[in-house]
Amino acid sequence: MNMIITGLKIKAISAFKSMQKKIRDFFISPGYVSGITVIELVLILVIIIALLLIFKTQLIDLINTIFDKITSESSGI
């Protein structure tokens, strides 16, 4: 009877260590990471900045028009 309990303890410890190793490997191993890389972020930022520089005057005019409309409608109660 004591041999059976000892065997079960050894199997339980072995299973626990195996599960612990799998969990550690899951969180630590680099593997394939899907997402946006640094190069893609830099390219997106460059494109956005270029668009802002190209349409700078149109954007400023649009924002000024919006603020003028907001101020004129809010003061005319």
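The values are calculated or read from the model by the stated rules, or taken from the named source; none is laboratory data. Remember, it's a predicted structure, so these values are computed and weren't measured experimentally. Glycine gets a Cβ as well: all are built from the backbone with ideal geometry, and neighbour counts include every protein chain shown. Please note that ligands, DNA and RNA were not included when accessible areas were found on the heavy atoms of the full protein model with its side chains. Shrake-Rupley method; radii C 1.70, N 1.55, O 1.52, S 1.80 Å.
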Sorting 16, 54, 5 by the position of each Cα along the dipole of the chain (Lys, Arg +1; Asp, Glu -1; all at Cβ), the one nearest the positive end of that ordering is 5
In the set (1) 0.96; (2) 1.62; (3) 1.17, which value of Rg/Rh (Cα atoms, Kirkwood Rh) was calculated from the structure you see?
(2)
Can you give me the angle between helix 56-75 and the longest principal axis of the chain, using Cα atoms only, in degrees from 0 to 90, rounded to the nearest 10?
80 degrees
Would you mind telling me the share, in percent, of accessible area of the chain contributed by carbon and sulfur at probe 1.4 angstrom?
74 percent
Point-to-point label distance, residue 42-residue 60, nm (Cα→Cβ direction, 7 Å offset):
3.0 nm
Förster radius 35 Å - calculated FRET efficiency between residue 53 and residue 74 (Cβ-Cβ, nearest 0.05):
0.65
Helix 38-54 against the longest principal axis of the chain: what's the angle in degrees, Cα atoms only, rounded to the nearest 10?
10 degrees
